[in-house]
Amino acid sequence: MTSDADTIALLERALDQTAGLIAAIDDGQAGLATPCAGWDVRALVGHLAGLDPALAEHGLRWGRQMLRPEFRGPDKAFGVEVPVPDDAPVYDRLAGWFGRDPGWTP
């Protein structure tokens, strides 16, 4: 189980990373459409920032506890789990758990 201090430290790192990304956007770009509709979230985030494996591990642990079967499937927020080897990189395992193919490319 993750301690409150660990969770807070991970959140602080995530906020620092997000703040850096947001700071790089100028006012003229704020209203532009994003490529999210054509990109997998994992690919987009990986393109924009270095990813923190500890944050992904935390997200995966949380997701495995919270994502219920009734939220998976066609026309649902999450697809069915995509099988990924146990020794795959953590962001691949996270993508697979949330129903996304880690090998997908735009």
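The values are calculated or read from the model by the stated rules, or taken from the named source; none is laboratory data. If you're wondering where the values come from, they're calculated on a predicted model, not measured in any experiment. Heads up, the Cβs are rebuilt from the backbone with ideal geometry, glycines too, and the neighbour counts pull from every protein chain shown.
General remarks:
- Annotation: of all residues in region 65-106 being among the aliphatic types (A, V, I, L, M) and touching a helix residue (DSSP H, G or I) at 6+ places or on another chain (Cβ under 7 Å), the one that is surrounded by the fewest Cβ atoms within 10 Å (Cβ to Cβ) is Ala77.
Residues are listed down the side, and each one gets a yes or a no for (1) at pLDDT below 75; (2) among the hydrophobic types (A, V, I, L, M, F, W, C); (3) over 29 Å from Ser3 (Cα atoms):
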| position | (1), (2), (3) |
| --- | --- |
| Leu32 | yes, yes, yes |
| Gly46 | yes, no, no |
| Gly50 | yes, no, no |
| Gln65 | no, no, no |
| Lys76 | no, no, yes |
| Val80 | no, yes, yes |
| Asp87 | no, no, no |
| Asp92 | no, no, no |
| Asp101 | no, no, yes |
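- A search for C-beta distances below 8 Å between a residue of region 77-104 that is farther than 19 Å from Met66 by Cβ and without any contact (Cβ under 8 Å) to a residue 24 or more places away in the chain and any residue that is small (Gly, Ala, Ser) and part of a helix (DSSP H, G or I), counting only pairs 6+ apart in sequence or on different chains, returns Pro83/Gly96; Ala88/Gly96.
- Condition check for Arg61: outside any loop (DSSP other than H, G, I, E, B), at pLDDT 90 or above and surrounded by 10 or more Cβ atoms within 10 Å (Cβ to Cβ): yes
- Cβ pairs under 9 Å, 6+ apart, first in region 1-25 and at pLDDT 80 or above, second among the β-branched types (Val, Ile, Thr) and surrounded by 11 or more Cβ atoms within 10 Å (Cβ to Cβ): Leu10/Thr2
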